[in-house]
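Values quoted throughout were computed directly from the atomic coordinates according to the rules given, and no laboratory measurement underlies them. From a predicted model like this one, the values you see are computed outputs, not experimental measurements. Note that we place each Cβ from the backbone using ideal geometry, even for glycine, and neighbour counts take in every protein chain shown.
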Amino acid sequence: MKFAHLSDVHLGFQKHESLQKIEQQVFEKILNQCISSKVDFILIPGDLFHVNIPEMRVQKFAFSMFRKVYDAKIPIYVVYGSHDFSPVSNSVIDLLAEVGYITKVTQAKSHEDSTISLECLIDPKTGAKITGLSGLKVGKDREWYEKLDRDNLEAESGFKIFLFHGGISDMKTDSSMDGDQMPLSLLPKGFSYYAGGHMHKFNHQSFDGYANVVYSGTPFAGYHADLEDNANGQKRGFVLVEFEDTVKSVEFVEIENITYEIIEVDANNRKAESINQELLEKTKDIDPAEKVVIIKVKGELTSGKTADVDISLVRDNLNERNAMVVNVSKNGLTSKEYSITKAKGANKEEIETNVFSENIGQLRFDYPELLSDEGIKLAKKLLSELGQPVLINEKKNEYIPRIRDNALGILGLDDDAS
Ligand SMILES: [Mn+2]
């Protein structure tokens with residue numbers, strides 16, 4: 001008997017059309033493999049979708065995929081992740097569950113002594129007992145686990161699987177995703193397999209009382225940093241598990257997504273000009289055609305503004321040579337000469353004014369209206385305009401020009417050129 005474990009698919013995360021295609025292709029490939037290798041069931045412990053109610057394009061795709069798996073008579077067992085979680089069952093997960101394409105495994109009961117008990121559901125074909133808890137929004141998970149009646153679950157006999165969504169502090173994982181982690185001891189002991197979601201890299205470890213604690217990782221990407229990891233050689237895919245009365249084997253199945261190039265530049269103790277030059281040179285050395293190109297600049301410039309590091313030439317060059325997507329990360333870039341000083345204030349209004357007045361002195365412009373008190377006023381007006389929400393029933397193609405025209409008006413610029 002065998003089952004598949006995949007998680008953190010984050011359907012709907014990608015904004016770029018070409019990457020949306022890859023996102024879908026990868027998911028389709030995995031489900032096709034599940035069908036062709038005749039798995040008995042599929043586990044998805046959370047973040048199947050990037051948000052609880054994704055756009056219709058994503059929902060349509062998901063329904064067509066799950067329909068195929070349903071027709072192949074393969075049950076899918078899920079818990080919510082932190083991304084597709086909804087406290088009032090207002091998630092596309094619930095639609096899929098309602099039509100019977102997937103099954104939510106959490107059957108929890110709260111008791112008077114404030115404990116929570118879980119019941120296992122039994123997979124009809126294999127007899128495997130399956131239960132688990134959803135990932136909740138930040139910090140809430142721990143509370144549930146602390147109230148969980150573990151004894152009752154530990155007393156269950158047979159082949160048992162626990163689905164969870166969250167970080168486990170006992171596991172050696174990549175530190176970039178720390179945050180909320182809980183000790184393994186909050187999970188019930190003695191299960192045959194712990195199907196984890198939330199951590200985006202494959203990880204398989206066993207502990208005393210806790211065999212086979214496994215994260216399948218994201219099959220493609222659910223954060224921008226995932227693409228960077230992919231570019232640096234991180235393998236992506238899903239997990240296939242063979243079992244009888246115990247787990248016989250846990251196999252990571254790699255699914256290829258796309259090819260990458262990464263251009264990294266260290267900006268420490270340098271000027272923007274030399275960075276721009278290095279970027280251009282490194283760009284010439286790569287063949288970007290049909291690849292995701294990641295440009296990463298970090299470090300502290302000796303002078304100038306971080307905006308002086310100009311990616312536009314490099315981007316144009318890469319696009320002319322048919323790069324699929326160019327992703328720029330300048331988050332780690334700062335400047336000795338110009339850095340935003342934090343400011344305090346009694347309210348949002350005051351903090352904004354103080355941030356502008358603390359920092360505007362660092363700027364050198366030929367336009368007096370961009371400096372001193374006049375500049376602060378202008379900046380505040382602009383900030384408030386850019387923060388205007390979409391009106392009820394306003395369409396995106398109405399909202400964007402409205403905000404743009406108003407912003408250009410505040411700056412005293414004419415829009416005719418665009
Ligand atoms: Mn995730």
Report task. Would you mind checking the tilt of helix 272-284 against the longest principal axis of the Cα atoms of the chain, expressed as 0 to 90 degrees and rounded to 10? Result -> 50
Requested in this report: Measure out, as a whole number of angstrom, how far apart the alpha-carbon centroids of the range 255-326 and the range 1-63 sit.
Outcome: 31
Query raised in the report: Just D405, D266, D316 to compare: in a GNM of the chain, with alpha carbon springs under 10 Å, which one fluctuates most?
Result: D405
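Counting other Cβ atoms within 10 Å of each Cβ, which GluC sites (Glu not before Pro) in the range 1-72 have at most 15 and sit in a DSSP loop? Provide the component values of the computation, followed by the final result.
Working: sites: E17, E23, E28, E55; in loops: E55.
Passing both the DSSP loop test and the Cβ count: E55.
Distance cut-off 30 Å, Cα to Cα: go down the list K15/K73; K73/K140; K296/K336 and report the pairs above it. Before the final figure, lay out each step's value.
Numbers: K15/K73 33 Å; K73/K140 35 Å; K296/K336 19 Å.
Correct reply: K15/K73; K73/K140.
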Query raised in the report: Arranged by the count of other C-beta atoms within 10 angstrom, fewest first, what order do D149, D229 take?
Result: D149, D229
**Report entry** Long-range amide H partners of A221 with built H, under 5 Å
**Finding:** none
Report summary line: Site S303, offset 7 angstrom along Cα→Cβ, radius 18 Å on amide nitrogen, limited to the range 356-393, gives 362-366
Query raised in the report: For the Cα atoms of the chain, what angle does the longest principal axis make with the long axis of helix 56-71, in degrees from 0 to 90, nearest 10?
Result: 20
Query raised in the report: Order of I351, I275 from fewest to most other C-beta atoms within 10 Å?
Result: I351, I275
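Order these by the 10 Å Cβ neighbour count, fewest first: L6, L184, L31. Don't skip to the end; give the middle numbers.
On the way: L6 27, L184 18, L31 21.
With the fewest neighbours first, L6, L184, L31 line up as L184, L31, L6.
So which trypsin sites (Lys or Arg not before Pro) in the range 50-130 end up in coil per DSSP with only 13 or fewer other C-beta atoms within 10 Å? Each step should come with its number before you reach the end.
Details: sites: R57, K60, R67, K68, K73, K104, K109, K125, K129; in loops: K73, K125.
Taking the range 50-130 and a limit of 13 other Cβ atoms within 10 Å, the loop trypsin sites (Lys or Arg not before Pro) found are K73, K125.
Run the helix sum for the chain: -39,500 (n - 2.57) per DSSP H stretch of 4+ residues, divided by residue count, reported at 222 nm to the nearest 500 deg cm²/dmol.
Numbers: 11 runs with 129 residues, N = 418.
Helices in the chain give a 222 nm mean residue ellipticity of -9500 deg cm²/dmol.
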Query - aspartates and glutamates whose Cα lies under 18 Å from that of K235, excluding same-chain neighbours fewer than 8 positions away - result: D8, E23, E28, D174, D226, E251, E254, E256, E261
Query raised in the report: What share of the DSSP beta bridges in the chain is antiparallel, in percent to the nearest 5?
Result: 35
Report summary line: Rounded to the nearest 10 degrees, the helix 348-359 long axis (Cα) sits at an angle to the longest Cα principal axis of the chain of 50
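Take the alpha carbon gyration tensor of the range 4-109, find the square roots of its eigenvalues, order them as a ≥ b ≥ c, and report rounded if a/c is under 1.5; if not, report prolate when a/b exceeds b/c, else oblate. Don't jump to the answer; show the numbers that get you there.
Values: a/c = 1.67, a/b = 1.03, b/c = 1.62.
Oblate.
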Report summary line: Checked the range 1-55 against the a/c 1.5 cut and the a/b vs b/c comparison, axes a ≥ b ≥ c from its Cα gyration tensor; verdict oblate
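Beyond 18 Å, what percent of the Cα pairs of the range 256-321 remain? Each step should come with its number before you reach the end.
Working: 764 of 2145 pairs.
Value for the range 256-321: 36 percent of Cα pairs lie more than 18 Å apart.
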Report task. Give the Cα extents of the chain along the principal axes, in whole Å, largest first. Result -> 77, 54, 44
Report summary line: Karplus ³J(HN,Hα) for the range 383-393 (6.51 cos²θ - 1.76 cosθ + 1.60, θ = phi - 60°; Hz, whole; x = Gly/Pro) runs 4, 5, 5, 5, x, 4, x, 5, 6, 4, 6
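If the limit is 20 Å between Cα atoms, which of K330/K377; K2/K160; K348/K380; K348/K377 go over it?
Details: K330/K377 28 Å; K2/K160 13 Å; K348/K380 11 Å; K348/K377 15 Å.
Beyond 20 Å between Cα atoms: K330/K377.
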